[in-house]
Amino acid sequence: MELLLEVEGLKKSFGGVAALRDGRFQLRAGTVHALCGGNGAGKSTFLKILMGIFSRDAGSIRRRGKEVEFANPADALASGIAIIEQELSPVPHMTVAENIYLGREPKARFGGIDFRAMNRSAQRLLDDLEFDIRATQYMMNLSVAQMQLVEIAKALSHDAEVIFMDEPTSAIGEREAQHLFAAIRRLQAQGRGIVYVSHRLSEIFQIADSYTVFRDGAYVGSGALADIDRPGLIRMIVGRELSEEFAKTNTPTSQPGIEVAALSCPNKIEDISFSVRKGEIFGIYGLMGAGRTEIFNCLFGLDRPSAGSIKVDGTEVSIAKPADAMAHGLALVTEDRKLTGLNLADSVRANICMASLPEMSPAFAMDRAREADASRGMREKFQIKAARDTMPVSGLSGGNQQKVVLGKWFLRNPKVLLLDEPTRGVDVGAKREIYRIISDFASSGGTVVMISSEIDEVLGMSDRIMVMRAGRSAGTFSREETDAQSLVHLST
Amino acid sequence: MPSRSSIYQPEEGKGVRSMAEESVMSVGDNKSANGWFGSEQRRLLIQEYGIFLAFVILVAVLSVSNEFFLTAGNISNVLLQTSINGVLAIGMTFVILTRGIDLSVGSVVALAGIVSASFVTSSATAGISGAPYPVALGLGIGLLVGIACGAVSGVIVSRFSVPAFVATLGMLSAARGMTLIYGGGRPVPALTPAFRWIGTGNILGIPAPVVILAVVFAVSWWILNRTRFGRYIYAVGGNPHAARTSGINITRTQFAVYVISGSLAGLAGMLLSARTGSALPQAGIAYELDAIAAVVIGGTSLSGGVGRVTGTLIGALIIGVMNNGLDLMGIQSYYQQVLKGALIVGAVMLDQKRNYGA
């Protein structure tokens, strides 16, 4: 059978450092193929070459047996390869149809745009895919998941036969993900080839039928997912045996760590109450927009609750700004490290010290020796892999960046750790290390509140789990009395 | 309106220690503190050395092509011409590092210049009643005017979230208007010799404005590189969201950088009127553009969080040396403006290429 896409011996180096040493890949028509690998495995480089953004140093790319050469993204599209990137870049003030046909609008008389024809064909495209989206809606009014579907429609409008999806579910909830999977299956049924890139193994096993694993810039292996189990796949990705995915060693004590009562913020959250004991890991599960992050924003002084009380260590506290929350021993690892966690232009050391500047340098002048010590300590503690701590944090892999964020907060010796999606976009190996860090923190008497949309993670790490639905709590359960099905059911 | 070069009166000076030497030293120190290795470090190194190299080449070319260029008198002259723009550009660096801009500095130069001059003039008609007052009072008032203008811009930007471009554009117009109202549109001449000293005097043979620039530079370098407040500035400019979640007071940091820029503009205004011996209501027009140019040529990113005050100083020197060199070659100031435009755009183009090509 003819292969839709065949890649062999793909190589790419940047300034003498090989990002991709041997990229190999085969895609058959009508299949969903998972491309797996840790951060730094060379997946992004591989994708960027196939998108026509990077030029390859060596290797061959064949589309239906024919050698192809891409000088720019337009060439890749013309040969039927479309990539839906992790970070979508829609034009928010344009309609869905305008976004789909951006740059190739149907012409009307006098050089104008034939809006009617454009809207009609866009709508036909969306309807064919059974997407419940109107072509005349403004992009900014769509949810992230809907934008993703529009990207798929856009890919198909180019008549792409090979569709790459890079971490498509990283910003959408479980129900929306199922919607996306339904769309993927329809594409599959049409005989197209879908390449699915994700760190979430449960999704890979749910949607894909074959896999290829990259590690350290090279092809490691491939096969049918039916022939491999989850530990086996993890072993290939990580390159070593992993005893247990979730390192959980903590036991909750009886002392209260943080108590939240009747917390409300208009149009965001309503009547949220929970109490977390010292040594406990408390999970918050829910869809995007269910009000999970909003709870943290209220707790950390980033948003003002209209009602409710917060107790830390049994004493009621008032928190008006992040500095207040920090003074009470709270630490917040935000959902998006690039947007709200790190100063990417600055060094690893500066980022680690960013939340402790007044404490580390009580005088106006910086205590540089102390900053260097603190940074070294955190890098050792969390095994942050950086050549030097004066290098920009943007040069680190996702997992190491996340550990820098954790280091920034652990430097303050927090009592309560608020974690919002602590392992998003982090590879399997680094995930385990982060789980160990969380677990150790709880074991030593820390209080952990963790938001996650990954069911396995919530179930694997939490002692109790609160499910959020439409800004309200849909109940709190201990990990023994609940399972994946009921969490998903409650959240929707 | 007098052109820039006619406001700057060439003056004599002797035994000048080269500012270029100082900047080499500080670039070098900075590097060894950061370490020499790693591609990112190398990139930063090239970035700073790149601008320094351009400066050295410029100086070398001018030295060879013109016998007068490397004379003590001329070097002193260049440094003097650079001192006012240098002070303004250093203040601008603080603002730009936080993703802001301060368009009002030229007008603040005029306002602070004329208000302080009115306190230290010996002319009975131009000054306020009781003038001349002691120099210290005049200087204090001038600084206060700058601080006040900066504080107003700072509040508007940090508290009311008005884009810096708009807030300081408003201040540009308002401060110019206040200058004209205050002086009735007339210059304030006949400043007391004691006041004029800050613009014309010497300390150990070095012109006073050059010494003032050196002090401003040293203090700014220390603040930006060695203090907590400096870290706040880089964090707020680099990622305001992350800075906020890390407990950094963004409002206060933003406010402070406009106050710094305003106070340095006040200082520059007094230097200018002290040098020319008269505070003109139309002084400082378009000075903000030269200050921004020096910052940009010096490699500071207009999108905030990245840049060094050493670069700004060299940027200001490059502009100064270029103007002087073209003057010496007898090239009209009209052409100088075209070349300066090309230099600004060229410097940023090279920067972009380095950043993306790496």
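The values are calculated or read from the model by the stated rules, or taken from the named source; none is laboratory data. Everything numeric in this text was worked out from a predicted model, so none of it was measured. Here Cβ is always computed from backbone atoms with ideal geometry, including for glycine, and neighbour counts include all displayed protein chains.
Looking at region A:395-416, can you tell me whether even one residue there is away from chain B (no Cβ under 14 Å), in contact with a strand residue (DSSP E or B) (Cβ under 7 Å, 6 or more places away or on another chain) and at pLDDT 90 or above? It would help to see each step written out before you state the result.
The first filter runs over region A:395-416 and keeps only residues away from chain B (no Cβ under 14 Å), leaving A:397-400, A:403, A:413, A:415-416.
Checking which are in contact with a strand residue (DSSP E or B) (Cβ under 7 Å, 6 or more places away or on another chain) leaves us with A:415-416.
Pick out the ones that are also at pLDDT 90 or above and you get A:415-416.
Yes, region A:395-416 contains a residue that is away from chain B (no Cβ under 14 Å), in contact with a strand residue (DSSP E or B) (Cβ under 7 Å, 6 or more places away or on another chain) and at pLDDT 90 or above.
Looking at A:E130, A:E98, which is the one that is farther than 23 Å from A:S452 by Cα, acidic (D, E) and at pLDDT 85 or above?
A:E98
Among what's in region B:277-289 and is crowded, with 23+ Cβ neighbours inside 10 Å and either closer than 25 Å to B:G201 by Cβ or among the hydrophobic types (A, V, I, L, M, F, W, C) (or both), pick the residue that is farthest from the other protein chains (Cβ to nearest Cβ). Working first, answer last.
Quick first cut of region B:277-289, residues crowded, with 23+ Cβ neighbours inside 10 Å only: B:279-280, B:283-284, B:287-288.
After this cut, where a residue has to be either closer than 25 Å to B:G201 by Cβ or among the hydrophobic types (A, V, I, L, M, F, W, C) (or both) as well, the list is B:279-280, B:283-284, B:287.
Details: B:A279: 34, B:L280: 38, B:A283: 34, B:G284: 31, B:Y287: 28 Å.
Per the stated criteria, the residue is B:L280.
Any idea which of (1) modelled with pLDDT under 90; (2) more than 20 Å from A:E2 (Cα to Cα) is the one A:E69 doesn't satisfy?
In the conditions (1) modelled with pLDDT under 90; (2) more than 20 Å from A:E2 (Cα to Cα), A:E69 misses (2) alone.
When region B:191-213 is examined, which residues are found to be surrounded by fewer than 19 Cβ atoms within 10 Å (Cβ to Cβ) and part of a loop (DSSP other than H, G, I, E, B)?
Scanning region B:191-213 gives B:G201, B:L204, B:G205.
Just one of A:I438, A:I451 is assigned to a helix (DSSP H, G or I) and either over 19 Å from A:L302 (Cβ atoms) or of a type outside the set (D, E, K, R) (or both); which is it?
The conditions single out A:I438.
Mind telling me which of the residues B:V306, B:V259 ends up being touching a residue at least 60 places away in the same chain (Cβ under 8 Å) and within 30 Å of A:A320 (Cα to Cα)?
Only one candidate passes the filter, namely B:V259.
Which fully enclosed strands (runs of 3 or more DSSP E) of region A:251-361 have 3 or more residues being over 29 Å from A:H179 (Cβ atoms)? Steps first, answer last, please.
Details: elements: A:256-265, A:269-277, A:281-286, A:307-312, A:315-317, A:330-333.
Fully inside region A:251-361 and qualifying: A:256-265, A:269-277, A:307-312, A:315-317, A:330-333.
Output the residue which, of all residues in region B:62-73 that are out of contact with any helix residue (DSSP H, G or I) (no Cβ under 8 Å at 6 or more places or on another chain) and among the hydrophobic types (A, V, I, L, M, F, W, C), is surrounded by the most Cβ atoms within 10 Å (Cβ to Cβ).
Within region B:62-73, the match that is surrounded by the most Cβ atoms within 10 Å (Cβ to Cβ) is B:A72.
Is it the case, given these coordinates, that A:R134 is touching a residue at least 12 places away in the same chain (Cβ under 8 Å) and among the basic types (K, R)?
Working: touching a residue at least 12 places away in the same chain (Cβ under 8 Å): yes; among the basic types (K, R): yes.
When the stated conditions are applied, A:R134 passes them.
Quick one: would you say A:A224 is over 28 Å from the mean Cα position of the chain (by Cα) and either among the small types (G, A, S) or assigned by TED's automatic domain parsing to the domain that holds A:S444 (or both)?
On the way: over 28 Å from the mean Cα position of the chain (by Cα): no; either among the small types (G, A, S) or assigned by TED's automatic domain parsing to the domain that holds A:S444 (or both): yes.
No: the conditions fail for A:A224.
Restricting attention to region B:327-358, which residues are at pLDDT 80 or above, of a type in the set (V, I, T) and in a helix (DSSP H, G or I)?
Step one: list which residues in region B:327-358 are at pLDDT 80 or above, which gives B:327-346, B:349.
Still in the list and also of a type in the set (V, I, T): B:331, B:338, B:344-345.
Across region B:327-358, the qualifying residues are B:V338, B:I344, B:V345.
Is it the case that some residue within region A:188-209 is within 25 Å of A:P422 (Cβ to Cβ) and charged (D, E, K, R)?
Yes, region A:188-209 has at least one match.
Output the residue which, of all residues in region A:42-71 that are at negative phi and in contact with a helix residue (DSSP H, G or I) (Cβ under 6 Å, 6 or more places away or on another chain), is surrounded by the fewest Cβ atoms within 10 Å (Cβ to Cβ).
Applying the first criterion (at negative phi) to region A:42-71 yields A:43-51, A:53-58, A:60-63, A:66-71.
Now drop any that are not in contact with a helix residue (DSSP H, G or I) (Cβ under 6 Å, 6 or more places away or on another chain), which leaves A:51, A:54, A:56, A:70.
Working: A:M51: 20, A:F54: 18, A:R56: 21, A:F70: 21.
Among residues in region A:42-71 that are at negative phi and in contact with a helix residue (DSSP H, G or I) (Cβ under 6 Å, 6 or more places away or on another chain), the one surrounded by the fewest Cβ atoms within 10 Å (Cβ to Cβ) is A:F54.
Output the residue which, of all residues in region A:254-290 that are under 16 Å from A:S462 (Cβ atoms) and more than 28 Å from the chain's Cα centre (by Cα), is surrounded by the fewest Cβ atoms within 10 Å (Cβ to Cβ).
Taking the candidates together, the pick is A:R277.
May I ask you to say which residue of A:M326, A:M391, A:M366, A:M354 is facing chain B (nearest Cβ under 7 Å), more than 18 Å from B:G305 (Cβ to Cβ) and surrounded by 19 or more Cβ atoms within 10 Å (Cβ to Cβ)?
Details: A:M391 fails: more than 18 Å from B:G305 (Cβ to Cβ); A:M366 fails: more than 18 Å from B:G305 (Cβ to Cβ); A:M354 fails: more than 18 Å from B:G305 (Cβ to Cβ).
Only one candidate qualifies: A:M326.
State yes or no: is B:Y258 among the aromatic types (F, W, Y) and under 16 Å from B:V157 (Cβ atoms)? It would help to see each step written out before you state the result.
Values: among the aromatic types (F, W, Y): yes; under 16 Å from B:V157 (Cβ atoms): yes.
It is true that B:Y258 is among the aromatic types (F, W, Y) and under 16 Å from B:V157 (Cβ atoms).
One line per residue, one yes/no per condition, for (1) in a loop (DSSP other than H, G, I, E, B); (2) touching a Phe, Trp or Tyr at 6+ places or on another chain (Cβ under 6 Å):
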position	(1), (2)
B:S123	yes, no
B:I128	yes, no
B:I141	no, yes
B:L144	no, no
B:A151	no, no
B:V155	no, no
B:L169	no, no
B:G185	yes, no
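Which of the residues that make up region A:416-454 are among the small types (G, A, S) and touching a helix residue (DSSP H, G or I) at 6+ places or on another chain (Cβ under 6 Å)? It would help to see each step written out before you state the result.
First pass over region A:416-454, keeping only residues among the small types (G, A, S): A:425, A:429-430, A:439, A:442-446, A:452-453.
Matches in region A:416-454: A:G425, A:G429, A:A430, A:S452.
A:A74 passes all but one of (1) in contact with a helix residue (DSSP H, G or I) (Cβ under 8 Å, 6 or more places away or on another chain); (2) of a type in the set (A, V, I, L, M); (3) farther than 18 Å from A:M165 by Cβ; which number fails?
Of everything listed in (1) in contact with a helix residue (DSSP H, G or I) (Cβ under 8 Å, 6 or more places away or on another chain); (2) of a type in the set (A, V, I, L, M); (3) farther than 18 Å from A:M165 by Cβ, A:A74 misses just condition (1).
Give region A:1-30 a look and list any residue that's among the polar types (S, T, N, Q) and in contact with a strand residue (DSSP E or B) (Cβ under 6 Å, 6 or more places away or on another chain), or say none. Full working, then the answer.
So the first thing to find is which residues in region A:1-30 are among the polar types (S, T, N, Q), and the list is A:13, A:26.
Listed by number, the list holds a single entry, A:Q26.
What tally of residues in region A:369-388 results from selecting those that are under 19 Å from A:N343 (Cβ atoms) and either surrounded by fewer than 19 Cβ atoms within 10 Å (Cβ to Cβ) or within 11 Å of chain B (Cβ to nearest Cβ) (or both)? Break it down stepwise before answering.
First, the residues of region A:369-388 that are under 19 Å from A:N343 (Cβ atoms): A:371-372, A:374-375, A:378-379, A:382, A:384, A:386-388.
Then keep just the ones that are either surrounded by fewer than 19 Cβ atoms within 10 Å (Cβ to Cβ) or within 11 Å of chain B (Cβ to nearest Cβ) (or both); that gives A:371-372, A:386-388.
Count: 5.
May I ask you to say which residue of B:G315, B:G304 is surrounded by fewer than 23 Cβ atoms within 10 Å (Cβ to Cβ), at pLDDT below 95 and not polar (S, T, N, Q)? Talk me through it step by step, then tell me what you get.
Values: B:G315 fails: surrounded by fewer than 23 Cβ atoms within 10 Å (Cβ to Cβ).
Within the list B:G315, B:G304, the selection yields B:G304.
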